[in-house]
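These notes concern the structure reproduced below.
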Amino acid sequence: MASPLAPDPSAYDREFTFSRIGMVQRREVWGYMDHMLHMPGMQVLELNCGTGTDAVHLARNGHQVLATDLSEEMLKVAREKARQFGVEDRIQHRRLSFDDLADLAIPPVDLVFSNFGGLNCIDADHLKQLVDPIADVLKPGGRFIAVMMPDRCMAETAYHFLGGRWTEAVRRGRHDPVWAGLSGSGVATWYHDPAFLTSAFRSRFRVVNIRPIGLFVPPTYLEHRFGHRAALLERLARWDTRLARWRWTARYADHYLVDLERVR
């Protein structure tokens, strides 16, 4: 797989992490995670931790986190965030690629977590190769939660279609990768159908839940149109919550959350 050109950490935080849309979508993920991780002191392995926002949240809720990322620049920012929030004692940071996961020598963890499209940076064949490494690092009954971008997006398609951008309207459905990024940098991105993901992991996992993240809340690149409309975003987020139980809608959201339990 080609090496990705990681987004600039400051651009990533400015254009995604701290954008109003990004915060609303992350809140949807945290709402689900906090309900599941109700027992403090769980051991978490985070893949593609980015600038460390999720690791800090998990650590502040009493969990021990090994936060990993391929980008050393991202990890530098993540370490500084941990220091600022006073949770350095509960977070370790390590440079790790997906290919290194099979050689990761750590005690089994309760949760492997990958947020906001990190696994969209690899193609379908590469994703299948991660099934055993992820299962092997988990305790029996441990959970793998990933938030990914599907191969459809209702809000994105409608936005580009109404603007007459036909190619952009259907770009997620293409089989070849799409270049996606922030401020001129980014990665080759593959959009994975939730049904493909659950099928690929079926040999070692059972599906606990699949739910949309950003079904009505739009993608973050529409921040210029929605970021100043806080009341509207909150209304859209409530609609997301109401339809979260309808698993079939996950394929049509900006992201979807898949919760898998290790069974073998």
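Residues that are assigned to a loop (DSSP other than H, G, I, E, B) and either within 24 Å of Asp136 (Cα to Cα) or free of Cβ contacts under 8 Å to residues at least 24 places away in the same chain (or both) within region 33-51 comprise Leu37, His38, Met39, Pro40, Gly41, Met42, Asn48, Cys49, Gly50, listed in sequence order. Residues that are charged (D, E, K, R) and over 17 Å from the mean Cα position of the chain (by Cα) number at least 3 in the following helices (runs of 4 or more DSSP H) confined to region 191-264: 230-243.
Could we say that His160 is closer than 21 Å to Gly22 by Cα, surrounded by 13 or more Cβ atoms within 10 Å (Cβ to Cβ) and without any contact (Cβ under 8 Å) to a residue 12 or more places away in the chain here?
Against the criterion (closer than 21 Å to Gly22 by Cα, surrounded by 13 or more Cβ atoms within 10 Å (Cβ to Cβ) and without any contact (Cβ under 8 Å) to a residue 12 or more places away in the chain), His160 qualifies.
Scanning region 209-253 for residues that are aliphatic (A, V, I, L, M) and in contact with a Lys or Arg (Cβ under 7 Å, 6 or more places away or on another chain) gives Ile210, Ala230, Leu233, Ala244, Ala250. Check whether at least one residue in region 216-223 is modelled with pLDDT of 95 or more, farther than 17 Å from Arg26 by Cα and aromatic (Phe, Trp, Tyr), and report yes or no. No - not one qualifying residue is present in region 216-223.
Listed by first and then second residue, the pairs linking a residue in region 115-131 that is touching a residue at least 60 places away in the same chain (Cβ under 8 Å) to a residue that is of a type in the set (D, E, K, R) and not in a loop (DSSP other than H, G, I, E, B), with Cβ atoms under 7 Å apart and 6 or more places separating them unless they lie on different chains, are Asn115/Asp54.
Specify the residue that is surrounded by the most Cβ atoms within 10 Å (Cβ to Cβ); the eligible residues are those in region 96-109 that are more than 18 Å from the chain's Cα centre (by Cα) and not in a helix (DSSP H, G or I). Step by step, filter region 96-109, then rank; the result is Val109. Close Cβ contacts (under 7 Å, 6 or more residues apart or on different chains) running from residues in region 71-92 that are farther than 19 Å from Asn61 by Cβ to residues that are basic (Lys, Arg) and outside any loop (DSSP other than H, G, I, E, B) comprise Glu72/Arg95; Leu75/Arg95. Across region 246-264, the qualifying residues are those that are surrounded by fewer than 16 Cβ atoms within 10 Å (Cβ to Cβ) and over 28 Å from Val170 (Cβ atoms), and the one among them that is modelled with the lowest pLDDT is Arg264.
Of the residues making up region 17-32, at least one is surrounded by fewer than 23 Cβ atoms within 10 Å (Cβ to Cβ) and not in a helix (DSSP H, G or I). The set of residues in region 56-73 that are closer than 12 Å to Gly86 by Cα and crowded, with 22+ Cβ neighbours inside 10 Å comprises Val56, Ala59.
Return the residues of region 135-157 that are among the small types (Gly, Ala, Ser) and either buried (at least 19 other Cβ atoms within 10 Å of the Cβ) or in contact with a helix residue (DSSP H, G or I) (Cβ under 8 Å, 6 or more places away or on another chain) (or both); say none if nothing qualifies. Ala135, Gly142, Ala146, Ala155, listed by residue number. Say whether the condition of being in a helix (DSSP H, G or I), in contact with a Pro (Cβ under 9 Å, 6 or more places away or on another chain), surrounded by fewer than 20 Cβ atoms within 10 Å (Cβ to Cβ) and acidic (Asp, Glu) is met by at least one residue in region 112-131. For region 112-131, residues in a helix (DSSP H, G or I), in contact with a Pro (Cβ under 9 Å, 6 or more places away or on another chain), surrounded by fewer than 20 Cβ atoms within 10 Å (Cβ to Cβ) and acidic (Asp, Glu): absent. With respect to (1) more than 15 Å from Leu119 (Cβ to Cβ); (2) in a helix (DSSP H, G or I), the lone exception for His175 is condition (2).
The values are calculated or read from the model by the stated rules, or taken from the named source; none is laboratory data. It should be emphasised that the depicted structure is a prediction, and the values quoted were computed from it without experimental measurement. No Cβ is skipped: glycine too gets one built from the backbone with ideal geometry, and neighbour counts run over all protein chains shown.
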